[in-house]
1. Counting other Cβ atoms within 10 Å of each Cβ, which chymotrypsin sites (Phe, Trp or Tyr not before Pro) in the range 277-323 have at most 15 and sit in a DSSP loop?
2. What is the sum of charges around Val14, taking Lys and Arg as +1, Asp and Glu as -1, for the other residues whose C-beta is under 9 Å from the C-beta of Val14?
3. Pulled fully out, how much extra length does the chain show between Ala106 and Lys26, if you take 0.36 nm times their separation in residues and subtract their Cα-Cα distance?
4. Can you list residues whose amide H is under 5 Å from Ile213's amide H, if they're 5+ apart or on another chain and H is modeled 1.01 Å from N?
5. Could you derive backbone 3J(HN,Hα) for the range 394-410 from the dihedral phi with the Karplus parameters 6.51, -1.76 and 1.60 (θ = phi - 60°), listing whole Hz in sequence and x where the residue is Gly or Pro?
6. Mind checking which lysines have their C-alpha under 22 Å from Lys71, skipping anything on the same chain fewer than 8 residues away?
7. On full extension of the chain, what length is gained from Lys68 through Asp341, given 0.36 nm per residue of separation minus the C-alpha to C-alpha distance?
8. Can you give the FRET efficiency for Asp91 and Asp287, using 1/(1 + (r/R0)^6), R0 = 45 Å, r = Cβ-Cβ distance, to the nearest 0.05?
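Just so it is clear, none of the values below were taken in a lab; they were calculated from the coordinates. This structure is a prediction, so every number in the text was calculated from the model and none was measured. So basically every Cβ, Gly included, is an ideal-geometry build from the backbone, and we count neighbours across all protein chains shown.
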Amino acid sequence: MKNVTQLENIANKVVLVRVDFNVPQKDGVISDNNRIVAALPTIKELLGKGAKVVLMSHLGKVKWKDIKKGKATLEDIEKQKAKNNMAPVADELAKLLPGVNVSFSAATRGAELSDKVAALKAGEVLLVQNTRYEAGEEANDAELAKEWASFADAFVMDAFGSAHRAHASTVGVPELLKKEGKQTAVGFLVEKEVLNLKKVVEVPADRHPYVAILGGFKVSDKIKVIESLLSKCDKIIIGGAMSYTFKVALGGKVGKSPYEQDQIEYAKKMYETGKIVLPIDSVVANDFENPTDVRIVPSDNIPDGFEGMDIGPKTRELYVKEIASAKTVFWNGPMGVFERDEFAAGTAAVCEACANLKDAFTVIGGGDSASAAKKLGYKEKFSHVSTGGGASLEMIENNGHLPGIDVIGD
Ligand code: ADP
Ligand code: MG
């Protein structure tokens, strides 16, 4: 697989780069430009070689599928488009690239777009409007991919967060370009993600114990990753709301904590592998929104009317011990409702235990887990914090493969 530095003869050529500019914004104000900043090294590398850089990304959701299902009208789609307009991103990008001519195409196809691409000069950047303005993007429509591929001399994939999706801009376009013998490569961001995540996908004997920490909300969201991790790691530590399904499966009483009835048999089976470690005590509250009674109780005996909000102090101690001997750690999903200080201790303890490891490789793969680590001040202590929640999980599930990355290889 080529990286962006290995592209040849791209001066004066149009290089189409799929970036991840799916930034949080409200009323045209971007609240976090991290993802734009993260794409700059790849963009600068191409500009330095005199390429004409065309950038494409999705932004937010435009639910075309709801039209087919009769759940939305074209008017709804127009509202979603307006909410997810990429124009403010072009302004932000221009600020981050002083001295570079950055333009924006409000059109996602047709003459307006092709004229703008044709007008580009070497060392200039064109950002195209949100790819999801097109219904064919998520459907990987052949005609759409053909039109986008038609103006590109080469393609660079640098949107790790979208690499698990086989869409027109992530898979359709590079597939076509490769058939035409054109160059495709990964950008710096994707290259770094792949190198780092490989280390939690294939873990050699001398990098064990391999401990996975899973939390967050639902077991059903993470079934495939649990199965895959069971074959790879030595222990799976479980916290968060998903632990209650396991507790019910083992005959525990969980009060009004959320659990999934239809996952109970599955949870039992997983538990029988002997690799799963569950909470022994929980911080519980009488009300999720307005807790007036907060207690610490055994995790398998939560009183009626109470709901689990975090792992308890004994569990924190147990989990810190389990993590202490690890040489490889993959963490996805907070141990509790970390967004609120009174329920953040479990997640903080797990973060600290990872931070204290000396000779270990530690990875966070999950959007909320990454924000938890950041909020609690541990983000810098991890070996790698993935920019793609879903993509990193799917990479583990598929043993290192993602459609948007495999397509770049030979
Ligand atoms: P990630 O984005 O890292 O993959 P998830 O999206 O699976 O993580 O889960 C994160 C959410 O789970 C957080 O918003 C957190 O508040 C919530 N959560 C964790 N534990 C509990 C709990 N015991 N009860 C309710 N919500 C919880
Ligand atoms: Mg999440």
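1. Working: sites: Phe288, Phe306, Tyr319; in loops: Phe288, Phe306.
Hits after loop and neighbour filter: Phe288.
2. Here the count lands on +1.
3. Stretched fully, the Ala106-Lys26 segment lengthens by 26.9 nm.
4. For Ile213, the qualifying residues are Ile237, Phe330, Trp331, Asn332.
5. 5, 5, 5, 4, 9, 6, x, 9, 9, x, x, 9, 4, 5, 6, x, 7
6. Counting by Cα, and skipping residues close in sequence, Lys71 has these lysines nearby: Lys61, Lys63, Lys79, Lys81, Lys83.
7. Working: separation 273, 0.36 × 273 = 98.28 nm, distance 4.29 nm.
Net length gain for the segment: 94.0 nm.
8. Details: r = 43 Å, r/R0 = 0.96.
Plugging the Cβ-Cβ distance into 1/(1 + (r/R0)^6) gives 0.55.
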